[in-house]
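So the structure is just underneath, and the comments pick up after that.
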Amino acid sequence: MNIEITARHFDLTPELKEHVEKEVAGLTRYFENIIYSEVILDVEKYRQTAEVKARVYKEVITGKADSDDMYASIEMAIDKVKSQLKKYKEKLKERRPEEITETVERATKPETDVDAVDM
């Protein structure tokens, strides 16, 4: 999984970068096929914002949080993405068995358009 970290209006410390990479890598526990992750960290006076985007299959899952502490903002944004990934995974699990059974039924259904010829 590729991780892109962007820091706006402040210098990104190695400790903060390592923390973000560790937290984003932990998202694979909830959904294995994360293609790409983007983390945007922003500081405006006393508000510190973290936005986490995770690209999976056909969706982009986004979590955004504000607080006085950047680490707390990152944790809250990651928690939002985790819950959305869980919902997305359940949605895929619920939808997939129906598609499989429909395909099997179509494949095993006898064709009625063909005329039977007895010899």
Whole-angstrom gap from segment 65-84 to segment 1-53, using each part's C-alpha centre: 10 Å
Label-to-label distance, nm, for residues given as residue 60 and residue 93 (7 Å Cα→Cβ offset): 2.8 nm
Set 17/93; 45/89; 17/91; 22/87 screened for pairs whose C-alpha atoms are more than 28 Å apart: 17/93; 45/89; 17/91
Summed residue charge, Cβ within 13 Å of residue 81's Cβ, Lys/Arg positive, Asp/Glu negative: +3
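In percent, what relative contact order does segment 2-108 have, based on Cα pairs under 8 Å that are 6 or more apart in sequence? Intermediate results must be reported in sequence, preceding the final value.
On the way: 151 pairs, mean separation 23.0, N = 107.
Averaging sequence separation for qualifying contacts and normalising by length gives 22 percent for segment 2-108.
Could you check what % of the DSSP bridge pairs in segment 1-60 are antiparallel, to the nearest 5?
65 percent
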Of every Cα-Cα pair in segment 2-108, the percent that sits beyond 21 Å: 41 percent
Point-to-point label distance, residue 86-residue 28, nm (Cα→Cβ direction, 7 Å offset): 2.1 nm
Relative pair counts by distance (%), Cα atoms of segment 29-74, 10 Å bins: 28, 43, 25, 5
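Read-outs throughout are calculated quantities, based only on the coordinates presented, and are distinct from any laboratory measurement. As the structure is a prediction and not an experimental result, all values here were calculated from the model. When we count neighbours, we look across all protein chains shown, and the Cβ atoms used for this are built from the backbone with ideal geometry, even at glycine.
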